[in-house]
Amino acid sequence: MSSTFVTLAEVLEARGGPLLEEEVWSLLLGTAESLVDVSYKNNMCSIISPTSLLLSATGTLAFKNCGLSDEVSTFAAPEMLQGRASSTKPATERMLVYSLGMTLYWSVDFHLPQNQPVQLSDHLNSLLLSMCEDLSHRRVNLNSILEACESQLKASILLPPAKVIRQLVEEVFHESMDQTSLPDSNVPLSGRSLMIRERLH
């Protein structure tokens, strides 16, 4: 079976609303597991964004290689934007953790009214905040993220990441069958992520 990929941004567009907390936990676990496997490959992009995080119909994740463009720059770690990014393994991991945190915050804030707070548990909120620390040495690492996700998986009834990913992809295909075309009334990706940065600080 060939694998069909959709982006996280396409999933949220099809849904017309944010990810649920349980979906964020599962996606965070699946992404952290994937990053442990691929994050030190030389061709790995050090920015994860809603348009570069790929979800497959088979339940796997992949990362689209991306250059630093205006659209993804608001998901990039501050040290990358300031030209202070190191190419060491720990530095690359910290940049990936930052952009993953920003991407997941974007996904729980998607299409929420400006005055409506994001609905997250303290545990998930503090984990995402620790991923989005401006100072790279204060950011949580991938192993800590995996531990937090695995303890959450044991403590609550979460679906395995592969199952959640398949369901999210199915929503996109189901929606595209129902809708021929929708008017594009969206805040651009970069504008939306700037709003999230402001909410974080």
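The values are calculated or read from the model by the stated rules, or taken from the named source; none is laboratory data. If you're wondering where the values come from, they're calculated on a predicted model, not measured in any experiment. In this analysis, Cβ positions are derived from the backbone assuming ideal geometry, glycine residues included, and neighbour counts consider all displayed protein chains. Areas reflect the complete protein model, heavy atoms only, side chains present, ligands, DNA and RNA absent. Shrake-Rupley method; radii C 1.70, N 1.55, O 1.52, S 1.80 Å.
One table, with the values for the structure above:
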| quantity | calculated |
| --- | --- |
| T92 accessible area, assembled protein chains, probe 1.4 Å, Å² | 20 |
| Cβ-placed point charges (K, R +1; D, E -1), dipole of the range 56-113 about Cα centre in debye, nearest 20 | 220 |
| Estimated distance in nm for a label pair at D122 and A155, the labels positioned 7 Å out from Cα along Cα-to-Cβ | 1.1 |
| FRET efficiency, Q167 to N143 (Cβ-Cβ, R0 30 Å, nearest 0.05) | 0.65 |
